[in-house]
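Data block below; observations after.
The values are calculated or read from the model by the stated rules, or taken from the named source; none is laboratory data. Predicted model, so just to flag it, every value in this text is computed and none were measured. Here the Cβ is made from the backbone with ideal geometry for all residues, glycine too, and neighbour counts use every protein chain on show.
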């Protein structure tokens, strides 16, 4: 049994949390995890998943801002919770009463080392938004520029740290005593929440994210990112350019008005997500309606950059394969992609059952028109299947999938005829064509060549180390000395062939890129391009001769 007094410092807050959990019908659960002494009444739970999810949301609302924030984070994680819970927690509203203007002034004075009046010509006393961690005030700099000033709530860090400490204690008990909840890894969930909270409490992290978005979308005709004012930003104060727009959930107010086309707004919003993920490799992972503003000319502005995701080349390629599999209704491509990306414990995952469940989702789509396919439904179902089969997906892919679900849900609410799949297909096809261009192939080759070089440089040392371990007897393998020599020789030949192959590809691609450079020419071809092709052919002939020679030696 974990020691309560050692694990939890604020016993009063702990008792308050336990009381609320009991009042909300979670007494049966507390009894299972050895907290039954704290209350007397206990009952079995016979409610459905949907009913339990609703009760959980209402409980989190009563427990306060830290727990509301936890629920919001969990609503982004269909890899951790069943879809009924994810949907219900998505309804949580992080709205709390504002703190006083005097506290705002004091925080700004402490952080920026000057009183509000010396920094701004105008500063609204009433916040334009108020949440659990901070509130936002509209202000004007001394040069006349309008800004939004985000100020951290006093003592919020201490309050959240206390609640997270209690969360850890309860999570450890749940993991130890509840067979139903243990597979959801509650301790890991709380640990991730703590990590995200630490980042959200440091406004410098959000400022850094905002700057990267600003740079990525600079010059965009459809996406606006507010500029960060470093001089007026610290760990607890963040000053951004003020964007005068309409929150996406209020878009119905401008329907039919000049300068606004809801369908085009939705298309721009979705295109921006695809661009962030597949072009920039850095995306807004919490695109709910309050974080997307609509501007005249069908432009959108993104705000609140606390939660972001990252896509490396591997995730890009796998996600393209997945989306293309959905577009083409290719069951094998979808299953293979998920199995490639997922971390699979063969002892816990029934792969055949996983495939059958995916098949049950995809097969009905093959009888539908392309335009009728709902991407969010497919992604939601597949992520839920992955959860039930213990196929653990990369976090950033999960965040991307949730962002797609969120965007399509918003689009269908305000523009029921919007077909997301019709926007995905041309974007993915264009992306695939672009990646196939020689210049991009060379770029990817050059990115990887350092890794290949390191592999070849380290190989002799690592191989020598392996031999030493075998000689010392620390690695138990039944291999004759002649076998080791033959293995070394085979690996050496394979390394040489791989090197020759990469050089051939490099010179062929470079030659193709130089075709259009013009003079000097020889036999109608640019000389530089022709030279690259000749070198590639020489390498190819050398490789061919080497392979034949090795074949003859093996026959002897």
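Here are the numbers:
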| quantity | calculated |
| --- | --- |
| Region 82-107 - residue that is outside any loop (DSSP other than H, G, I, E, B) and touching a strand residue (DSSP E or B) at 6+ places or on another chain (Cβ under 6 Å) and, of those, farthest from residue 406 (Cα to Cα) | 107 |
| Residue, modelled with the lowest pLDDT, within region 339-356, restricted to residues that are surrounded by 18 or more Cβ atoms within 10 Å (Cβ to Cβ) and part of a helix (DSSP H, G or I) | 341 |
| Residue in region 60-81 that is surrounded by the most Cβ atoms within 10 Å (Cβ to Cβ), counting only those that are in a loop (DSSP other than H, G, I, E, B) and at pLDDT 85 or above | 75 |
| Qualifying residue in region 288-299 (condition: touching a helix residue (DSSP H, G or I) at 6+ places or on another chain (Cβ under 8 Å), part of a helix (DSSP H, G or I) and assigned by TED's automatic domain parsing to the domain that holds residue 110) | no |
| Boolean, residue 383 is in the same structural domain as residue 320 (by TED's automatic domain parsing), modelled with pLDDT of 80 or more and in a helix (DSSP H, G or I) | yes |
| Matching entry among 394, 460, 438 (being in contact with a helix residue (DSSP H, G or I) (Cβ under 7 Å, 6 or more places away or on another chain) and either modelled with pLDDT under 75 or not assigned by TED's automatic domain parsing to the domain that holds residue 285 (or both)) | 438 |
| Number of positions in region 143-172 that are crowded, with 16+ Cβ neighbours inside 10 Å and either without any contact (Cβ under 8 Å) to a residue 40 or more places away in the chain or closer than 13 Å to residue 17 by Cβ (or both) | 12 |
| Index of the failed condition, residue 261 passing every other in (1) within 24 Å of the chain's Cα centre (by Cα); (2) more than 21 Å from residue 131 (Cβ to Cβ) | (1) |
| Subset of region 191-212 that is in contact with a strand residue (DSSP E or B) (Cβ under 8 Å, 6 or more places away or on another chain) and surrounded by 16 or more Cβ atoms within 10 Å (Cβ to Cβ) - its residue that is farthest from residue 280 (Cα to Cα) | 201 |
| Qualifying residue in region 269-283 (condition: under 27 Å from the mean Cα position of the chain (by Cα), within 23 Å of residue 203 (Cα to Cα), surrounded by 21 or more Cβ atoms within 10 Å (Cβ to Cβ) and not assigned by TED's automatic domain parsing to the domain that holds residue 305) | no |
| Any hit, region 248-260, residues being within 23 Å of residue 200 (Cβ to Cβ) and in contact (Cβ under 8 Å) with a residue 12 or more places away in the chain | yes |
| Single residue of 188, 257, 215 found to be out of contact with any helix residue (DSSP H, G or I) (no Cβ under 9 Å at 6 or more places or on another chain), surrounded by fewer than 16 Cβ atoms within 10 Å (Cβ to Cβ) and not assigned by TED's automatic domain parsing to the domain that holds residue 388 | 215 |
| Criterion violated by residue 84 - all others in (1) in contact (Cβ under 8 Å) with a residue 40 or more places away in the chain; (2) in contact with a helix residue (DSSP H, G or I) (Cβ under 7 Å, 6 or more places away or on another chain); (3) over 18 Å from residue 201 (Cβ atoms) satisfied | (1) |
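One line per residue, one yes/no per condition, for (1) outside the structural domain of residue 10 (by TED's automatic domain parsing); (2) within 18 Å of the chain's Cα centre (by Cα); (3) closer than 30 Å to residue 389 by Cα; (4) part of a helix (DSSP H, G or I):
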site: 151; (1), (2), (3), (4): yes, no, no, no
site: 175; (1), (2), (3), (4): no, no, yes, yes
site: 194; (1), (2), (3), (4): no, yes, yes, yes
site: 204; (1), (2), (3), (4): yes, no, no, yes
